[in-house]
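The values are calculated or read from the model by the stated rules, or taken from the named source; none is laboratory data. Just so we're clear, the structure is a prediction, and the values are computed from it rather than from any experiment. Positions of Cβ are generated from backbone atoms using ideal geometry, with glycine treated the same way; all protein chains shown enter the neighbour counts.
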Amino acid sequence: MESTYKSSQSNISLKKEATTTNVSTSDFWKKAEFNRFGITPMVLLVMSIFGGIAAASGILNSWVELAAVVFPSTICLALILSVSPMKAIVYSAVIAILVDILVIAF
């Protein structure tokens with residue numbers, strides 16, 4: 001018994017794509033959205049630690065410093081509760097933490 005085959009069947013080509021280690025920012029935010037329920041508690045923990053210390057030191061000086069601490073923290077908490085995009089949550093948390101550090105330092 002003779003078997004025949006076409007030449008297109010015997011030519012198997014394997015292509016290996018080059019892997020890149022560059023991660024674009026859109027990939028980062030997609031992964032942050034996927035890991036929302038892990039990132040959010042960490043953001044809350046860090047923000048509440050800095051916010052508590054800054055509020056305690058800010059209330060001793062003036063009500064303006066206390067308001068400066070409370071406003072960005074409340075905005076970040078509102079964004080977390082409204083399930084906003086992680087980009088907005090992370091940026092607002094960074095702003096809140098920076099304001100807290102400024103109030104603590106000065």
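With respect to residue 66, determine if the residue is in a helix (DSSP H, G or I), surrounded by 17 or more Cβ atoms within 10 Å (Cβ to Cβ), among the hydrophobic types (A, V, I, L, M, F, W, C) and at pLDDT below 95. Give the derivation first.
Values: in a helix (DSSP H, G or I): yes; surrounded by 17 or more Cβ atoms within 10 Å (Cβ to Cβ): yes; among the hydrophobic types (A, V, I, L, M, F, W, C): yes; at pLDDT below 95: yes.
Judged against the criteria, residue 66 is a match.
Among residues of the range 80-96 that are in contact (Cβ under 8 Å) with a residue 12 or more places away in the chain and farther than 19 Å from residue 30 by Cβ, those with a beta-carbon under 9 Å from a residue that is of a type outside the set (Asp, Glu) and outside any helix (DSSP H, G or I) at least six positions away or on a different chain give the pairs 92/84.
Scoring residue 23 on the criteria (1) exposed (fewer than 14 other Cβ atoms within 10 Å of the Cβ); (2) in a helix (DSSP H, G or I) leaves a single failure, condition (2).
Applying a threshold of 8 Å to beta carbon distances and a minimum spacing of six or more residues, or different chains, the list of pairs starting in the range 34-52 at a residue that is touching a residue at least 24 places away in the same chain (Cβ under 8 Å) and ending at one that is of a type in the set (Ser, Thr, Tyr) reads 47/73; 51/73. As for the range 24-35, it holds at least one residue that is β-branched (Val, Ile, Thr), modelled with pLDDT under 95, on the phi < 0 side of the Ramachandran plot and out of contact with any Ser or Thr (no Cβ under 7 Å at 6 or more places or on another chain).
This table checks each residue for (1) within 16 Å of the chain's Cα centre (by Cα); (2) surrounded by 13 or more Cβ atoms within 10 Å (Cβ to Cβ); (3) in a helix (DSSP H, G or I).
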position: 39; (1), (2), (3): yes, yes, yes
position: 42; (1), (2), (3): yes, no, yes
position: 58; (1), (2), (3): no, yes, yes
position: 76; (1), (2), (3): yes, yes, yes
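Per the conditions (1) at pLDDT below 95; (2) surrounded by 12 or more Cβ atoms within 10 Å (Cβ to Cβ), the sole criterion not satisfied by residue 84 is (1).
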